[in-house]
Every structure is written in C-alpha cells, then in structure tokens.
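Below is one structure; the comments refer to it alone.
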C-alpha cells in the first residue's frame, strides 16, 4: 500500500506481518527475521505499544529464555496489562482499505 511519507503509519498497514493479530486484539511477541519485519516489530513495540520484540543473542539466535521472558511479560507483568489493553482498543477500530 503506497502512502504519503507524511501520513502516520497505521497498524492496519501490516499486511501478513502482524496485521491479523492486531485486528483481532491479540498482543504480539515479534521475532523479525526479514527486512521490513524489523520496522514492523519496532512499531508494534515502540509506537503502538501492542507487543514486544525479541532479539537474537551475539550468535544471531533467539533463545528460548528470551522468548519465554517476552511471553511472560506480555501475559503476566504490568507492562503486559497495558499491551493487552492497547490490543483490545485496536481490535475495536475498523480496518479500512
């Protein structure tokens, strides 16, 4: 989807890269492995506050412990409650295309 560079990026712009989860109100734990997915994961975590992103270790591998930590934070911690609330709010916004 082409957009003017001055338009804010919308959560519904995430075709196939988290868009379905966001539209359904599901918090995201992102593990980007391809070019544009890194930007999407950054937006999900930092701009929209709809999830967290995992990161690889020094060998480029995302470890189980890192993924588990992100999942626990989203499901059980205070920050996760905020993420869940934001995800529910996003699911109430109709997607337009």
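The values are calculated or read from the model by the stated rules, or taken from the named source; none is laboratory data. What you see is a predicted model; the values in this text were computed from it and never measured. When we count neighbours, we look across all protein chains shown, and the Cβ atoms used for this are built from the backbone with ideal geometry, even at glycine.
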Is it fair to say residue 11 is modelled with pLDDT under 90, within 14 Å of the chain's Cα centre (by Cα) and within 25 Å of residue 92 (Cα to Cα)?
yes
Name the residue, out of 41, 17, that is more than 19 Å from residue 85 (Cβ to Cβ), buried (at least 17 other Cβ atoms within 10 Å of the Cβ) and modelled with pLDDT under 85.
17
Total residues in the stretch 62-82, condition farther than 18 Å from residue 44 by Cβ and touching a residue at least 40 places away in the same chain (Cβ under 8 Å):
0
Taking the condition of being in a helix (DSSP H, G or I) and over 20 Å from residue 79 (Cα atoms), how many residues in the stretch 29-53 meet it?
5
